[in-house]
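Take a look at the structure set out below.
The values are calculated or read from the model by the stated rules, or taken from the named source; none is laboratory data. Computed from a prediction, not measured in an experiment: that's the story for all the values here. FYI the Cβ positions are ideal-geometry reconstructions off the backbone, even for glycines, and counts take in every protein chain you see.
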Amino acid sequence: MLAVLVPLFDEKMAVKSYSLISRKKNIFSNPLLGSTEINDSIGQIDGLEIIDNVGMTTLSSDKEIFVPVNCISIFTDIASQCRAPHSRIVILMDNSLTPDEMYVKRIRELKDSGYKFAISKLKVSDFENYRPVLSLIDYIYLDYTKIDITKAQVYFMKCYPNIKLIAENIQSNEDYELLKSQGGYHFYEGSFYRLPVTKGDNEISPLKINYLSLLNEVNTPDFDLQSVADIISHDTALVLSLLEIVNRMSRNSKITSIRHAAAMLGQKELKKWITTAVAKELCSDKPSEITRLSLLRAKFAENLAPTFGLAMKADELFLMGLFSVLDIILSKPMDEALKTVNVSKEISQALLESKGDFYQIINFIRLYEGGDFNELNRLEIVDRIDVSDVYDAYKESLKWYRDLFY
């Protein structure tokens, strides 16, 4: 199975919610899946373990996750499958759930338990028939590619002013700017946007837990450089700060891993730098979205290394994932951004030239983040990738990230 959280964003391009999407089988190995969307575990909600793995506490308090259900799984015990607070879960239905009394009754039951509801894939001709359902809905997805959502917006603002509108399937920045100028949409979703590039929200904030761990570690006699390097690797801000210092000391050395950088600095200078870093005031108690993405990509890339036959390069792949959004972090073109950290040729080729063995992994990660399961299914067959290994690697990345804050 493949499952991922895809971002929903607002008019400032800030991530505000996530939509859980999943696929149980390979569409090319199971042709009926593509035409009929049949799922062999129709009575279960696939991918819910993703929510438990990421940990709701690692997301800011206002973020919700939209969880798709079908005409059977809506009757399952959702609470037993997902331990997240009900108020943070939005149950996402589509037109496979007809506006019959049994579904309306179930929606009321779940709303009484604290869940919110959203609906998608409604045609304009469905709007009137779905009145009993729409009267209970919190959000509705309006597909930019399939209906005139401007007219739909007028209809819902007039008939259902309490329903929040989500413009989905936005293909280009021009389309997004047009919709934003018209106003009235609560969230936006589309393939053109997959990175949190909110102006003013791209600062990498250090994590207090890492500072405390580092301070304790370096104050022990003859502390272990590798242990310190591993703690540093949990925090994008600390990695950037470390590499800036190392690069000033040795401009011609190509850094291949965080352990390599720590070793180059040495115990004395490393302790001096860490002690200074701890003394600085932290920017915030929570990591930004860009920090989250950077760390998840780093760990996902590291976890995928054996699957792509690059197990010996796992440390370097961690760095590649970490710096794959360095251009956004530093507000510079990627070629200029990479000069500040002096990475290896393999990392540079992957991020700048889209080639090499490392590029295969970062490209795979980007496809995964975007929920492009058709292309992932194709690569699964062509490159003989075990999809269960990929899913396990992603889940382990989420657990690792979650555990940084517990």
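Say we look at the range 301-359 and pick out the residues that are hydroxyl-bearing (Ser, Thr, Tyr) and in a helix (DSSP H, G or I); which of these is surrounded by the most Cβ atoms within 10 Å (Cβ to Cβ)? Give the derivation first.
Taking the range 301-359 first, the residues hydroxyl-bearing (Ser, Thr, Tyr) are 307, 324, 331, 340, 344, 348, 354, 359.
Going one step further and asking which of them are in a helix (DSSP H, G or I), we end up with 324, 348, 359.
On the way: Ser324: 22, Ser348: 20, Tyr359: 18.
Among those residues, the one meeting the criterion is Ser324.
With respect to Asp100, is the statement that it is assigned by TED's automatic domain parsing to the domain that holds Lys151 and crowded, with 16+ Cβ neighbours inside 10 Å true?
Values: assigned by TED's automatic domain parsing to the domain that holds Lys151: yes; crowded, with 16+ Cβ neighbours inside 10 Å: no.
Criteria not met by Asp100.
What number of residues in the range 134-158 are touching a residue at least 12 places away in the same chain (Cβ under 8 Å) and either touching a Pro at 6+ places or on another chain (Cβ under 6 Å) or under 27 Å from Arg108 (Cβ atoms) (or both)? Don't jump to the end; show me each part of the working.
Restricting attention to the range 134-158, the residues satisfying the condition of being touching a residue at least 12 places away in the same chain (Cβ under 8 Å) are 134-153, 155-157.
From the residues that got through so far, the ones that are either touching a Pro at 6+ places or on another chain (Cβ under 6 Å) or under 27 Å from Arg108 (Cβ atoms) (or both) too are 134-143, 152-153, 155-157.
Here the count works out to 15.
Quick one: how many residues across the range 77-91 are exposed (fewer than 15 other Cβ atoms within 10 Å of the Cβ) and part of a loop (DSSP other than H, G, I, E, B)? Lay out the reasoning, then the answer.
Start the filter on the range 77-91 by keeping residues that are exposed (fewer than 15 other Cβ atoms within 10 Å of the Cβ), which leaves 77, 79-80, 83, 85, 87.
With part of a loop (DSSP other than H, G, I, E, B) added as a condition, the list becomes 77, 83, 85.
Selection size over the range 77-91: 3.
Could you check, for the range 346-360, whether at least one of its residues is in contact (Cβ under 8 Å) with a residue 60 or more places away in the chain and of a type in the set (A, V, I, L, M)?
Our first condition is that a residue be in contact (Cβ under 8 Å) with a residue 60 or more places away in the chain; within the range 346-360, this holds for none.
There is no residue in the range 346-360 that is in contact (Cβ under 8 Å) with a residue 60 or more places away in the chain and of a type in the set (A, V, I, L, M).
Of these, Pro31, Pro7, which one is at pLDDT below 90 and touching a Ser or Thr at 6+ places or on another chain (Cβ under 9 Å)?
Values: Pro31 fails: touching a Ser or Thr at 6+ places or on another chain (Cβ under 9 Å).
Exactly one of Pro31, Pro7 is at pLDDT below 90 and touching a Ser or Thr at 6+ places or on another chain (Cβ under 9 Å), namely Pro7.
With the checklist (1) touching a helix residue (DSSP H, G or I) at 6+ places or on another chain (Cβ under 9 Å); (2) in a loop (DSSP other than H, G, I, E, B); (3) surrounded by fewer than 17 Cβ atoms within 10 Å (Cβ to Cβ) in hand, flag the one item Lys146 doesn't pass.
Of everything listed in (1) touching a helix residue (DSSP H, G or I) at 6+ places or on another chain (Cβ under 9 Å); (2) in a loop (DSSP other than H, G, I, E, B); (3) surrounded by fewer than 17 Cβ atoms within 10 Å (Cβ to Cβ), Lys146 misses just condition (1).
Being over 11 Å from Thr236 (Cβ atoms) and assigned to a helix (DSSP H, G or I) is the filter; apply it to the range 278-300 and report the residue that is modelled with the highest pLDDT.
Our first condition is that a residue be over 11 Å from Thr236 (Cβ atoms); within the range 278-300, this holds for 278-286, 289, 299-300.
So of that shortlist, the ones also assigned to a helix (DSSP H, G or I) come out as 278-279, 289, 299-300.
Details: Val278: 54, Ala279: 46, Glu289: 76, Lys299: 91, Phe300: 95.
Once the filter is applied, the top-ranked residue is Phe300.
Going through Ser233, Ser257 one at a time, which residue ends up being among the hydroxyl-bearing types (Ser, Thr, Tyr), buried (at least 19 other Cβ atoms within 10 Å of the Cβ), at pLDDT 75 or above and within 26 Å of Lys399 (Cβ to Cβ)? So that I can check it myself, show each step before the final result.
On the way: Ser257 fails: buried (at least 19 other Cβ atoms within 10 Å of the Cβ).
The conditions single out Ser233.
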